[in-house]
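A short write-up of the structure that comes next.
No value in this document is a laboratory result; all are computed from the given coordinates. In this text the structure is predicted, and so the values were computed from the model without any measurement. Here the Cβ positions follow ideal geometry from the backbone for every residue, glycine too, while neighbour counts run over all protein chains shown.
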Amino acid sequence: QVQTVESGGGLVQPGGSLRLSCAASGSILRVSLMAWYRQGPGKQRELVAADTTGGTTNYADSVKGRFTISRDNAKNQVIYLQMNSLQPEDTAVYYCHVNGWTTRWESFDSWGQGTQVTVSS
């Protein structure tokens, strides 16, 4: 079993910053991908940023230059999403997504429960 838990959401004024954290735990042998998605009111879930084990990062055009995904070097199964210059359109539930292999050499695909980010004055 693999569990994924996010934290760090909240209410912030436009132009402000937040840092989200995501930790994956359980019978994990190897993590292939850790990523952040979001789903705004009335919108479909979309990819925000992704980080592969090989060090490749990808960002949605709407967040490039404002958001940064990073991995905890001491804890391979922990990632962060630093969000700067937040705007009302960034309001959404942010989800962490992790996939990889368990210690039983089974692939896994795990989602967190989501953390709410609200940008409002």
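In Å, what Kirkwood hydrodynamic radius results for segment 44-113 from the alpha-carbon pair distances? Please list the in-between numbers first.
Values: mean 1/r = 0.0733 Å⁻¹.
Over segment 44-113, the inverse of the mean reciprocal pair distance is 13.6 Å.
With charges only on Cβ, +1 for K and R and -1 for D and E, what is the dipole size of the chain about its Cα centre, in debye, rounded to 20?
That gives a dipole near 120 debye.
Using θ = phi - 60° in the Karplus curve 6.51 cos²θ - 1.76 cosθ + 1.60, the 3J(HN,Hα) couplings for segment 26-38 round to x, 7, 9, 8, 8, 9, 8, 9, 10, 8, 10, 10, 8 Hz; x is entered for Gly and Pro. Where the alpha-carbon atoms of the chain are placed on the principal axes, they occupy 48, 25, 23 Å, in descending order. Computed over segment 1-54, the percent of Cα pairs more than 17 Å apart is 53. How many angstrom lie between the C-alpha centres of segment 51-121 and segment 1-40? With segment 51-121 and segment 1-40 each reduced to a Cα centre, they are spaced 5 Å.
Only Cα pairs under 8 Å and 6+ residues apart enter the sum, and on that basis the relative contact order of the chain stands at 37 percent. Under a Gaussian network description of the chain, with springs only between Cα atoms under 10 Å, the residue in Ser110, Ser25, Ser17 that fluctuates furthest is Ser25.
With K and R counted +1 and D and E -1, the other residues having a Cβ less than 12 Å from that of Ala60 yield a net charge of 0. Summarising the label geometry, the points placed 7 Å from Cα in the beta-carbon direction at Asp61 and Thr103 lie 4.5 nm from one another.
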